[in-house]
Amino acid sequence: MEPRSEQLSDVPELLATDLDRYFQQLVLSFQQRLYAFALRQTGSPQDAEDIVQEAFIRAYHALADYPPQRIRVIKLQSWLYKITLNIFYRHRSSTRLQCIPLDLSEESALLEIEDDGHEQPEKALENREDLRELETLLSQLPQQYRVAVSCYYFEELSYREIAELLNQPVGTVKSNVHRGMLLLKKTVETRQHS
């Protein structure tokens, strides 16, 4: 099986060749990451599903209107995150969605740890507890920091990609990531001293 990055780099060319035939590959390549991203923003699995579904519908219609040359050079990941984030903002401003704490139950899709066969059970448990705590703390950050930290650390987007996504200068993004991390660190220290 080819590495994921090679597969993703082929998707724009395939979409430019035959959108209807290859759009499913785009969905399969990005749906889990977009869902996790939307879930971190909304805290609601149903709202996250609705946002991602709408994002793919909008992406399809936009791609159908783009000439093949434009599709070939599009940065799909950043573009899809931007669509998803814009839908989230629109839904939030219409008060349809409310930001609530993340689902931290054992069944939460966010908390699944992929078993690579190398971890000891106690280490996996520690990692799950750390992830649970981090997700809880992240959900409590102000929106501007939550989005920046989530994109940088969870989605592994560069500062430049986040800046394009949020229509902000790179310096603002760096500042928001830094301030978000300081707030997380301060919260962790406060909890440890309690």
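The numbers here are math on the coordinates, done by the rules we state, and not lab data. Fair warning: this is a prediction, and the values are worked out from it, not measured in the lab. As a convention, Cβ positions derive from the backbone with ideal geometry for all residues, glycine included, and neighbour counts pool all protein chains shown.
For residue 73 and residue 49, what does the FRET efficiency come to when R0 = 22 Å and r is the distance between their Cβ atoms, rounded to the nearest 0.05? Intermediate results must be reported in sequence, preceding the final value.
Working: r = 30 Å, r/R0 = 1.36.
Computed FRET efficiency for residue 73 and residue 49: 0.15.
Pop out the ³J(HN,Hα) list for the stretch 66-72 in order, Karplus 6.51 cos²θ - 1.76 cosθ + 1.60 with θ = phi - 60°, rounded to Hz; leave Gly and Pro as x.
Going residue by residue, I get 7, x, x, 4, 5, 4, 4 Hz, with x marking Gly and Pro.
May I ask you to compute the full-extension gain from residue 27 to residue 65, defined as 0.36 nm times their residue separation minus their alpha-carbon distance, rounded to one decimal in nm? Present the calculation step by step, with values, prior to reporting the outcome.
Values: separation 38, 0.36 × 38 = 13.68 nm, distance 1.80 nm.
Fully extending the segment from residue 27 to residue 65 adds 11.9 nm.
What are the ³J(HN,Hα) values, in whole Hz, obtained from phi via the Karplus relation 6.51 cos²θ - 1.76 cosθ + 1.60 with θ = phi - 60°, for each residue of the stretch 46-59 in sequence order, with x given for Gly and Pro?
Whole-Hz 3J(HN,Hα) from phi for the stretch 46-59: 5, 5, 4, 4, 4, 5, 5, 4, 5, 4, 5, 5, 5, 4.
What FRET efficiency would be calculated for the residue pair residue 10, residue 190, taking the C-beta separation as r and a Förster radius of 41 Å, to the nearest 0.05? Intermediate values should be presented prior to the final figure.
Working: r = 47 Å, r/R0 = 1.15.
For R0 = 41 Å, the calculated efficiency reads 0.30.
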